[in-house]
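> The structure follows.
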There are 2 protein chains.
Amino acid sequence: MFKVKVYVTLRESVLDPQGNAVKNSLHSMEYNEVKDVRIGKYMELTIEDNTREIDVIVKEMCERLLANVVIEDYRYEVEEVVAQ
Amino acid sequence: MFKVKVYVTLRESVLDPQGNAVKNSLHSMEYNEVKDVRIGKYMELTIEDNTREIDVIVKEMCERLLANVVIEDYRYEVEEVVAQ
C-alpha cells in the first residue's frame with residue numbers, strides 16, 4: 001500500500017486571481033507583510049500494490065487527470081505504508 | 001523574507017465529496033488500485049521580515065482566514081529566503 005502526496009501548483013507565468021484575492025483579504029486584516037500568495041491543490045491518494053510501478057502510475061494519473069500540464073506543475077511524494 | 005508553505009486538509013472525520021469524485025474518475029479510467037483520495041489546499045506565501053515572530057503570524061493567519069479549524073487541519077513549513 002502506498003500513500004502518495006501530490007502537489008499541483010500554477011506555473012510561475014500564470015496569473016493566480018484566487019491567490020490575489022487571499023492576499024487582498026490578508027492585507028485588509030492588516031497583514032501587510034504578506035507580499036505574495038499562490039494557491040495550489042494538495043491531494044493524498046491511497047494506492048494498493050500493483051504489478052505496475054507506482055511512479056509510472058502516479059505520473060500518468062497526474063498528466064491525464066490531476067494536473068493540467070499546460071498551466072500547472074506537479075510534484076509528488078510516495079510513502080510506502082506497511083499493512084497491518 | 002520568508003517563503004511559507006501551508007497545507008490545509010479536511011479532518012479525518014469529515015466527508016470529502018470532491019475527493020470521492022476524483023476517485024470515481026480515476027476508477028472509470030481503470031486505475032482501480034486507487035483506494036482513497038482526499039483533497040486539500042496548498043498555499044505558498046511570501047512574507048517580509050517583521051517585528052513579530054513568523055510562527056505567530058502564520059498561525060494567526062491560518063486560524064483567522066486560511067483554514068476553517070472546525071473542519072480542517074493545517075500544517076506549515078517556513079523557509080527563510082536570503083534577499084539578494
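The values are calculated or read from the model by the stated rules, or taken from the named source; none is laboratory data. What you see is a predicted model; the values in this text were computed from it and never measured. Note that we place each Cβ from the backbone using ideal geometry, even for glycine, and neighbour counts take in every protein chain shown.
> Is there a residue being without any contact (Cβ under 8 Å) to a residue 40 or more places away in the chain and at the interface with chain B (Cβ under 8 Å from one of its Cβ atoms) anywhere in the range A:70-84?
no
> Being in contact with a helix residue (DSSP H, G or I) (Cβ under 6 Å, 6 or more places away or on another chain) and either within 18 Å of A:Gly19 (Cβ to Cβ) or assigned to a loop (DSSP other than H, G, I, E, B) (or both): is that true of B:Tyr42 here?
Working: in contact with a helix residue (DSSP H, G or I) (Cβ under 6 Å, 6 or more places away or on another chain): no; either within 18 Å of A:Gly19 (Cβ to Cβ) or assigned to a loop (DSSP other than H, G, I, E, B) (or both): yes.
No: the conditions fail for B:Tyr42.
> Limited to the range A:1-31, what total is found for residues that are within 19 Å of A:Lys59 (Cβ to Cβ), outside any loop (DSSP other than H, G, I, E, B) and not β-branched (Val, Ile, Thr)?
Adding up the residues that qualify gives 4.
> Of all residues in the range A:27-57, which are touching a Ser or Thr at 6+ places or on another chain (Cβ under 6 Å) and buried (at least 16 other Cβ atoms within 10 Å of the Cβ)? Steps first, please.
Of all residues in the range A:27-57, those touching a Ser or Thr at 6+ places or on another chain (Cβ under 6 Å) come to A:35-36, A:40.
Of everything in the range A:27-57, just one residue is touching a Ser or Thr at 6+ places or on another chain (Cβ under 6 Å) and buried (at least 16 other Cβ atoms within 10 Å of the Cβ), namely A:Gly40.
> Looking at the range B:17-38 only, could you name the residues that are in contact with a helix residue (DSSP H, G or I) (Cβ under 9 Å, 6 or more places away or on another chain) and either more than 10 Å from chain A (Cβ to nearest Cβ) or in contact (Cβ under 8 Å) with a residue 24 or more places away in the chain (or both)? I'd like the intermediate steps shown before the answer.
First, the residues of the range B:17-38 that are in contact with a helix residue (DSSP H, G or I) (Cβ under 9 Å, 6 or more places away or on another chain): B:22, B:25-26, B:29, B:31-38.
Scanning the range B:17-38 gives a single hit, B:Arg38.
> Sticking with this structure for a sec: Considering only the range B:39-53, state which residues are more than 7 Å from chain A (Cβ to nearest Cβ) and either touching a strand residue (DSSP E or B) at 6+ places or on another chain (Cβ under 9 Å) or modelled with pLDDT of 95 or more (or both). Walk me through it before giving the result.
Going residue by residue through the range B:39-53, those that are more than 7 Å from chain A (Cβ to nearest Cβ) are B:49, B:51-53.
Selection gives B:Asp49 alone.
> If you scan the range B:51-78, which residues turn out to be assigned to a strand (DSSP E or B) and closer than 22 Å to A:His27 by Cβ? Reasoning before the result, please.
Kept after step one, since they are assigned to a strand (DSSP E or B), are these residues of the range B:51-78: B:72-78.
Selection gives B:Tyr74, B:Tyr76, B:Val78.
> Moving to a separate point now. Which residues, taken from the range B:54-69, are more than 11 Å from chain A (Cβ to nearest Cβ) and acidic (Asp, Glu)?
Across the range B:54-69, the qualifying residues are B:Asp55, B:Glu63.
> Check off (1) within 7 Å of chain B (Cβ to nearest Cβ); (2) over 25 Å from B:Leu10 (Cβ atoms) for A:Val14 and give me the number that stays unchecked.
(1)
> Within the range A:58-79, which residues are over 14 Å from B:Val22 (Cβ atoms), out of contact with any Phe, Trp or Tyr (no Cβ under 7 Å at 6 or more places or on another chain) and aliphatic (A, V, I, L, M)?
Within the range A:58-79, A:Val69, A:Val70, A:Ile71 meet the criteria.
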